[in-house]
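**Q** Once you've had a glance at the structure underneath, I'll fire off some questions.
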Amino acid sequence: MDNDLDLKFLAIGDSGVGKTCLLNRYVEGNFNEKLAPTVGIDIRDKSLSYKSNETNKIFNIHLQLWDTAGQERFRSLTSSFFRDAMGFLLVFDLTSETSFINVRNWITEIQSNAYSENVDMVLVGNKSDLNDQRIISKARALEFAAQYQVDYIETSALNNINVGESVELLLRSVM
Ligand code: GTP
């Protein structure tokens, strides 16, 4: 059917920011606190229908979500998968300065490995439930996102806040 689409999104960001938990929450609807770091890459699938705001057309989307390992030792392996991604969820941890600082490096990786320097990205500040340990303010993240002209959203995989919305934001910018 004409309205069937296959899309591939990648979740990237430092180890421990919560990429696997976000994708588990989105695809399976659950949260598992004790997860081992991802080794290499994991692929998840989700089918959804999407209505275009402009044309009111409804698309049947088959979404492939690639969960990449954040650990340095997998860097060259994971970046080799960047080329055919249509969008990136750039995840950092709101309680970790380092993970936020490193977003810039992840963007550089995208710019040198993705199919286009202008590939769509959404900046995701995860662990919003840990508000008392928050280090990165919303204003600071928004300023950074504006510099790179990407959308910004704060999520909690633990409390299921804005998880679907983060994927939807990326979907809207890709479509
Ligand atoms: P790598 O696979 O090594 O790249 O890590 P990752 O980014 O996939 O992180 P993962 O999803 O494995 O989560 C790391 C830790 O953060 C785990 O202990 C989770 O329980 C915790 N975590 C993930 N999301 C949240 C969240 O929204 N809130 C809180 N409080 N903890 C979270």
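The values are calculated or read from the model by the stated rules, or taken from the named source; none is laboratory data. Because the structure is predicted, anything quoted here is derived from the model rather than measured. Note that each Cβ is placed from the backbone with ideal geometry, even for glycine, and that neighbours are counted across all protein chains shown. Accessible surface is based on the protein model in full, side chains and every heavy atom, while ligands, DNA and RNA are left aside. Shrake-Rupley method; radii C 1.70, N 1.55, O 1.52, S 1.80 Å.
**Q** Please list V91, V150 in order of solvent-accessible area, largest first, computed with a 1.4 Å probe with all protein chains present.
**A** Final ranking, largest accessible area leading: V150, V91.
**Q** Given the options G164, G125, Q71, identify the residue whose Cα lies farthest towards the positive end of the charge dipole of the chain (+1 on Cβ of Lys, Arg; -1 on Cβ of Asp, Glu).
**A** Q71
**Q** Now a separate question. Heavy atoms only, 1.4 Å probe, whole protein assembly: order R25, R140, R73 by accessible area, highest first.
**A** If we order R25, R140, R73 from most to least accessible, we get R73, R140, R25.
**Q** Ok, one more. Would you mind telling me the share, in percent, of accessible area of the range 1-102 contributed by carbon and sulfur at probe 1.4 angstrom?
**A** 48
**Q** Report, in debye and to the nearest 20, how large the dipole of the range 1-73 comes out about its Cα centre when Lys and Arg carry +1 and Asp and Glu carry -1 on their Cβ.
**A** That gives the range 1-73 a dipole magnitude of about 140 debye.
**Q** Another question, if that's okay. Considering only C-alpha atoms, what is the centroid distance from the range 145-175 to the range 89-132, in Å?
**A** 11
**Q** Leaving ligands and nucleic acids out of the surface, order D14, D151 by accessible area at 1.4 Å, largest first.
**A** The most accessible residue leads, giving D151, D14.
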